[in-house]
Amino acid sequence: MRENGEIRMMTFKPSIFVDGDACPVKDECLECAKLFQTEVVFVASIKNKTHHDQYAKWVYVDWDKEAADLYMMNNTRKGDIAITHDIGLAAALLGKGVCVISPKGIIYNENNIDSLLFMRHEAAKKRRNGVYGKGPKAFNTEDRKNFKETLLKILSNFAGNQGDLSNIRLSPKENGVIK
């Protein structure tokens, strides 16, 4: 962009898209987004429509099981952030240049997505053959903390802080500063 004969860089501010139906870290998404004045878009099925925080944008999609995924695929841009535990959606969003995080704070990337997709495929084959495992470990406080730290670091990097979160205070329930 040119302004008064000088070239100025346009700054990109990512939006956070949340696969909202079963996301256990909605409050953490909102808290982090407010700190960095970042838009949050929760995408959920119309069957789960409820009253929500005024800060976020809520998009309700059809009942179809892939409707939220399609909305996120069609509306995210390169550089946006997506929160989902759906590995298939994560793989598709990575292909668009979207930063994808699980609710447990795992960053999906080119180094781990193939093995995660393979494990998902193998588990589905076992289920089709009547073999059922224990399922995923229960979501816990440590998972919530990992997620929040990961999202804050990513947002901090976008803000130009290179991951330095020493000046970011968490909510009182977290007691203190992330290091």
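Bear in mind these aren't lab numbers, they're just calculated from the coordinates by the rules spelled out. No experiment lies behind these values; they were computed from the predicted model shown. Methodologically, a virtual Cβ is constructed for each residue, glycine included, from the backbone with ideal geometry; neighbour enumeration extends over all protein chains shown.
To make sure I understand the rule: partners must be lysines, Cα under 21 Å from the Cα of Lys13, and not fewer than 8 residues away in the same chain. Which ones qualify? Result set, ordered by chain and number: Lys26, Lys34, Lys57, Lys78, Lys96, Lys148, Lys153. Amide H contacts of Gly79 (H built 1.01 Å from N, in plane; Pro and chain starts excluded): Val98, Cys99 sit under 5 Å, all sequence-distant by 5 or more or on other chains. Computed over neighbours whose Cβ is under 15 Å from that of Lys126, the net charge equals +4, Lys and Arg +1, Asp and Glu -1. Under the simplified labelling scheme, the Glu66-Asn112 pair shows an inter-label distance of 2.6 nm, with each label point 7 Å from Cα along Cα→Cβ.
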